[in-house]
1. Where in the range 52-88 is the amide nitrogen less than 12 Å from a point lying 7 Å along the Cα-to-Cβ axis of Lys19?
2. Sorting check: for 63-71, 163-171, 207-215, 11-19, which peptide has the highest mean count of neighbouring beta carbons within 10 Å, and how do the rest follow?
3. Convex hull volume of the Cα atoms in the chain, per residue, in Å³?
4. Counting helices only, and only those DSSP H runs with n ≥ 4, report the 222 nm mean residue ellipticity of the chain as the sum of -39,500 (n - 2.57) divided by its residues, in deg cm²/dmol to the nearest 500.
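Bear in mind that the values in this text are calculations on the coordinates, not laboratory data. All figures in this text were calculated on a predicted structure; none of them were measured in a lab. Neighbour counts run over all protein chains shown; Cβ positions are idealised from the backbone, glycine included.
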Amino acid sequence: MEVQCFLFVLLGSTLFVDKSRDRLRPAINLFLKDHRRLADYAWGAGALAYLYRQLGVATRAGSKGLCGCLTLLQAWIYEYFPLFRPSQLPQSPDAPRASSWISPRLPGGDEARQRLVRYRQLLDELSADDVTWTPYGRDGHTDIPRSLYTGPIRFSDIAEGYDPSRCLRQFGYRQIIPAAMTVPHDHYRPASGSSYIVFWDPWVNQLWNNVAARRLELDFASRPCEQPSEIVEEYVDWFLTRSHPRITHPTDEEPQPRPLLVHQVSYDFLLLFQI
């Protein structure tokens, strides 16, 4: 019982954090009843699914703050975007990568608002050359085959789509227009609040157990990049119809032209949030 309580608090305050401060999600306890099965669960996929859901909730009007495993999100940003990296400590290859970053001092008041404006400006000015596309090496997927899994990833009642064909440049391959994703058959959003619920067909829940059949074949889907940010010509038009290429709203005083060329666009940053 003591071990179960310890793990309940540990997971609830690290991987599955919500905004209730001193409360934890009861669903975590469902996976802790038998400590002999703890190693059987895909905790990384569950934490990622939960973070995906919280990122979606955070985009809703009226939503305040962001939860989930923000350590994972911050470390991911530092790996891919040198412009936002803090200082880093020397570390042995066996140590967790996230522990090497030195947490920056958090500003407050006017300084925090000015920093936010500056970060938004940097994101809007971001080019493909400002991204480290393969921070883990071009062959990282060979060490972790499940990174090429295609389908929903789950934590308890939360299921979110995962499609590596939307981020092929992170595997060292040319980005193509991805195929349509597997989508839920229904969804529900309460009249009050910013949360939402999606419903998947029963057969979708079994995809994770058949990774071999649901694995993206990179050589079949695309070809290796000659340049780290290489894309097919039609990809820009496809992406612009499905995303917001700018964060800062354009004004009459400071017009922001629509980006056209791959090495001039700022939306490469936005694509990475789909993985």
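1. 54-68
2. Values: 63-71: 14.9, 163-171: 21.0, 207-215: 13.3, 11-19: 17.0.
Taking the mean over residues of other Cβ atoms within 10 Å, the ranking is 163-171, 11-19, 63-71, 207-215.
3. Numbers: hull volume 50.2 nm³, N = 275.
Convex hull of Cα atoms, per residue: 183 Å³.
4. Working: 8 runs with 73 residues, N = 275.
Calculated from helices alone, the mean residue ellipticity at 222 nm is -7500 deg cm²/dmol.
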